[in-house]
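Just so it is clear, none of the values below were taken in a lab; they were calculated from the coordinates. In this text, all values refer to a predicted model and were calculated from it rather than measured experimentally. Positions of Cβ are backbone-derived with ideal geometry, glycine not excepted, and every protein chain shown enters the neighbour counts.
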Amino acid sequence: MSRPKGPEGPAAWEAVEGAIRSRASIRAFLPDPVERATVERLLETAARAPSANNHQPWHVYAFAGETKAKVSEAILVARDSGEEGHEAEYVYAMKQWREPYKARRREVGWALYDLMGVVKGDYEGSRAAADRNYVFFDAPVGMILTIERDLSVGSWMDLGMFLQSLMVAARGMGLDTCPQEAFSPYHKILRPLLGIPEEEIVVCGLALGHADESAPANDLYTRREPLETFATLRDL
Ligand SMILES: Cc1cc2nc3c(=O)[nH]c(=O)nc-3n(C[C@H](O)[C@H](O)[C@H](O)COP(=O)(O)O)c2cc1C
């Protein structure tokens, strides 16, 4: 196989940077459908992500319509009834929050709640906001990403690269996404509905569709720390 030519000329940087910088977690979508051919093209493109020894450790379950409705309904019913026994099979974020992560988490959480009109102490409002995850924020396409449980931490890194490639590729098609760790506790519900084998851990979900630009939640464009706080440059 020979390597395809990449974008060239002055428009190349603009296109690539624009796709990366315009990616944001979108939490309200229009009902406009996304065609199967588009989903296939995005997934094939994302699978160009690198991985150790070319393992390609990602598994993706992509669905729309009836399957998506079944997934949403089953999880929301479990949540409404307070059903127990739904726990993620991996720890995504730290259990004991410490700085600077505590402050960053608080900042994004409150910014989002402000836009969604959820005030401090409004448990129903915050619960309803969390529930929006399980309808994929009304996106027409939902995905669940999994990884085989005997693979090591490097493969999880590879899966992350696949995920980011997928989200950036979606921008190239004028589409938007939201990665969703919120699905990881519900693997027992997802397995029979999507045919996910026991050897795979549910890592996250992904909403894919056309952003509803009029939705307040989508006004959030999160801040980043300045370069010197995370990069050390020498002899450059
Ligand atoms: C793997 C992963 C899982 C995430 N899970 C959720 C989620 O379940 N629900 C949600 O609303 N946002 C989720 N997010 C979005 C983050 O909150 C978001 O990436 C972060 O605040 C930075 O904002 P940005 O994506 O708009 O740049 C997730 C992000 C990643 C990378």
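Set the Förster radius R0 to 22 Å, insert the Cβ-Cβ distance between residue 14 and residue 164 as r into 1/(1 + (r/R0)^6), and round the FRET efficiency to 0.05. Here the calculated transfer efficiency is 0.70.
Rounded to the nearest 20, the size of the Cβ-charge dipole of the chain about its Cα centre is 480 debye, with Lys and Arg at +1 and Asp and Glu at -1.
The phi-based Karplus calculation (6.51 cos²θ - 1.76 cosθ + 1.60; θ = phi - 60°) puts the 3J(HN,Hα) values of region 29-42 at 10, 7, x, 3, x, 10, 6, 4, 4, 5, 4, 4, 5, 5 Hz, whole numbers, x for Gly and Pro.
Cross-link partners of residue 68 among aspartates and glutamates, defined as those whose alpha carbon lies under 12 angstrom from its own and excluding same-chain residues fewer than eight positions apart: 138.
Here the dipole of region 109-232 is about 80 debye; that uses its Cα centre as origin and unit charges on the Cβ of Lys and Arg (positive) and Asp and Glu (negative).
Would you mind classifying the chain by shape? Square roots of the alpha carbon gyration tensor eigenvalues, ordered a ≥ b ≥ c; an a/c under 1.5 is rounded, otherwise it is prolate if a/b is larger than b/c and oblate if not. Because its axes are fairly even, with a/c under 1.5, the chain counts as rounded. The distance separating the Cα centre of region 33-76 from that of region 159-236 comes to 12 Å. Amide hydrogen proximity for residue 141: with H placed 1.01 Å from N in the peptide plane, the residues at 5 or more positions away or on another chain lying under 5 Å are 208. Derived scalar couplings between HN and Hα for region 182-190 equal 3, 7, 4, x, 9, 4, 5, 7, 6 Hz in order, rounded to whole Hz, by the Karplus curve 6.51 cos²θ - 1.76 cosθ + 1.60 (θ = phi - 60°), x for Gly and Pro. Which residues does the label zone of residue 127 cover in region 81-111, counting backbone N under 18 Å from a point 7 Å along Cα→Cβ? Residues passing the 18 Å test: 81-86.
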